[in-house]
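For reference, the structure is listed below as structure tokens.
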Amino acid sequence: MKNHSTYLFLIPILMSASCVSAGKYKQLEDDHGKTTQQLDQTSQQLAACEKDRAELQKKLGITATEKTELQGSVANMKKALEDAEARKVETEKRMAQFRELTEKFKNLVDAGKLSIKFQNGRMLIALSSDILFSPGSAQLSETGKTSIREVAALLKDLKNRKFQIEGHTDNMPIHTKMFPSNWELAEARAMAVLNTMLAAEFPADNISTASYGSTDPVAPNASAEGRAENRRIAIAVVPDLSSLPGFDELNRLSTPAAAATTPEGQK
């Protein structure tokens, strides 16, 4: 009877423990389900974030490329503006030189002895050969010598300038022992002007000569007037290329590379 009483006493306790364990298990099972659901949602969110990150990174990469291209465009525009400014400065410099020459030679221009002009990008002092020389001759007349001395005296005051004396003729052929063609005649006339300027103490290292013969007319040779214009001596102001945009780059390219040292034993 005692044992039965004991069993009867334990039954409620066991049932109570069984109910607690079942309740806890159910709760744990519910928590596990919720956790699994949360993990699934988090996983989906992570996947979405990864996708967004990849798209953003792609966009950032495109933006970086565009930024690089934009920076390159800005640099090119800046260089173009600098070059344009340099050309503007050079143009203003040449205009100032033209005004200076025009003012300096005003009396000779007004007297009809010479003209000052721009031709083929060069500034020229042009003197008619008919005033300086007899037809077919390279001997300066006395009037011609006087005019050249006046020109030399004025040019000598222009510092840091170089000049080239150019001989030009019309297209009428010449065939003499002294002048087989217009090339020789034009060169001889340029040399006559050069020697007269040197005699007037013009610096020899600032002057040179060139012959154009009949190849560079300034007027049609079909008329006597046109041929007279083409027979001329032109003194060109040699441009200073070092002031032009891009000169430094061109100068570096044209500078010969240092000779490579030959390894010992090689021939």
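The values are calculated or read from the model by the stated rules, or taken from the named source; none is laboratory data. Note that this is a predicted model, so its numbers are computed, not measured. Cβ placement follows ideal geometry from the backbone for every residue including glycine, while neighbour counts extend to all protein chains displayed.
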Q | Filter result (in contact (Cβ under 8 Å) with a residue 60 or more places away in the chain and under 17 Å from K162 (Cβ atoms)) within region 95-119 | A | Q97, L101
**Q.** Qualifying residue in region 66-77 (condition: in contact (Cβ under 8 Å) with a residue 40 or more places away in the chain and either over 33 Å from the mean Cα position of the chain (by Cα) or not assigned by TED's automatic domain parsing to the domain that holds N206 (or both))
**A.** no
Q | Selection from region 157-201 of residues that are under 16 Å from I235 (Cβ atoms), part of a loop (DSSP other than H, G, I, E, B) and in contact (Cβ under 8 Å) with a residue 60 or more places away in the chain | A | R161, K162
Q. Considering L81, L124, L101, L114, which residue is more than 27 Å from A210 (Cα to Cα) and not hydroxyl-bearing (S, T, Y)?
A. L81
